[in-house]
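Below is one structure, written out as structure tokens; comments come after it.
The values are calculated or read from the model by the stated rules, or taken from the named source; none is laboratory data. Bear in mind that the values here come from a model prediction, so they are computed numbers and not experimental data. In this analysis, Cβ positions are derived from the backbone assuming ideal geometry, glycine residues included, and neighbour counts consider all displayed protein chains.
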Amino acid sequence: MDKLIAQTPCDGLLPLTIGAVSVTEVAPGAIHAVSAFQGQAKSLSEAMKAAHGMVLPAPNRAAGKSGARAVWFGPGQVMLIGPTPDPSLSAHAAVVDQSDAWAVVRLEGDGAEDVLARLVPVDLRPQHFKRGHTARTLLFHMNASITRVGEKAFQIMVFRSMAKSLVHDLKRAMEGVAARR
Amino acid sequence: MRITCPYCGERDRREFYYRGAAVDLDRPAPDAGPDAWDDFVYLRDNPAGETRDLWYHEGGCGAWIVVTRNTLTHEISATEPASGGKR
């Protein structure tokens, strides 16, 4: 057991560029689920602001920037991505380490929306889904978290065990979009 | 079919899992007696009209949702979190 080699979820699968769209793996840092205790969302938000410079994001929203993000993940749950959570958060919330449990990729380029339109049953065009918006939805058959992190860039998270399927499905959709250009 | 999640907004039906009638939310007391428990566990209405169902936003935010819909017209008149207040 001492010969195990640490690998990222998409090791050997990415990067990938087809047409004008590319997918790269993101090294997210630590990933922690932060769920406020009953009635403590406000105090948790203040603790987050003090410790990490981000308030608790509202439903369907994400805060922060590359290297330190807080992404809404469901009712009462926010995923803190990047920094190690400050111990002060534990007074107001259940903090659960989920580092290494998620495959995190960045889809970027002209037509990134067209690629996702083939896979995701949510309208992700910029007039509806702006920077800082996030959605828990399906990517083909996978539960995913999709966040717009730039004008032409999305962060996509799926369970680590789904990394190969994620890359496969994105690749098929990217090929389809590129073929019609 | 589209269902409006109280958190995520209007979403495609494929994101949701159907649980059944929303009677689960009205669990009888442990000592309510065999009739109440028989009713709770086994007996279901089959209304032609308005019904309340539990749906799970499985392919989304993971919320349990009470959906009020009409079995005759398929119209969905209300959706609310099964937990009551929003979190």
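Check A:99, A:35 and return the single one that is modelled with pLDDT of 95 or more, within 23 Å of residue A:159 (Cβ to Cβ) and of a type in the set (Gly, Ala, Ser). Write out each step before concluding.
On the way: A:99 fails: modelled with pLDDT of 95 or more.
From the options A:99, A:35, the qualifying one is A:35.
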- Query: Only one of these conditions is not met by residue A:133: (1) within 13 Å of chain B (Cβ to nearest Cβ); (2) farther than 21 Å from residue B:10 by Cβ; (3) under 16 Å from the mean Cα position of the chain (by Cα). Which number is it?
  - Reply: (2)
- Task: Of the numbered conditions (1) away from every other protein chain (no Cβ under 12 Å); (2) exposed (fewer than 12 other Cβ atoms within 10 Å of the Cβ), residue B:84 fails exactly one; give the number of that condition.
- Result: (1)
- Message: So residue A:41 ticks every box in (1) within 14 Å of chain B (Cβ to nearest Cβ); (2) at pLDDT below 95; (3) surrounded by 19 or more Cβ atoms within 10 Å (Cβ to Cβ) but one. Which box is left unticked?
- Response: (3)
- Message: Would you confirm whether or not segment B:7-18 contains a residue that is farther than 29 Å from residue A:134 by Cβ and modelled with pLDDT under 95?
- Response: no
- Note on the structure: Per the filter on segment B:1-32, residues more than 9 Å from every other protein chain (Cβ to nearest Cβ) and more than 17 Å from residue B:68 (Cα to Cα) are B:27, B:28, B:29, B:30, B:31, B:32
- Note on the structure: Of the residues in segment B:1-36, those that are in contact (Cβ under 8 Å) with a residue 24 or more places away in the chain, of a type in the set (D, E, K, R) and closer than 13 Å to residue B:61 by Cα come to B:11, B:15
- Task: Starting from segment A:3-19, keep only residues that are under 14 Å from residue A:106 (Cβ atoms), then list their pairs with residues that are part of a strand (DSSP E or B) and polar (S, T, N, Q) whose Cβ atoms are within a distance under 7 Å, requiring at least 6 positions of separation or different chains.
- Result: A:14/A:24; A:15/A:22; A:15/A:24; A:16/A:22
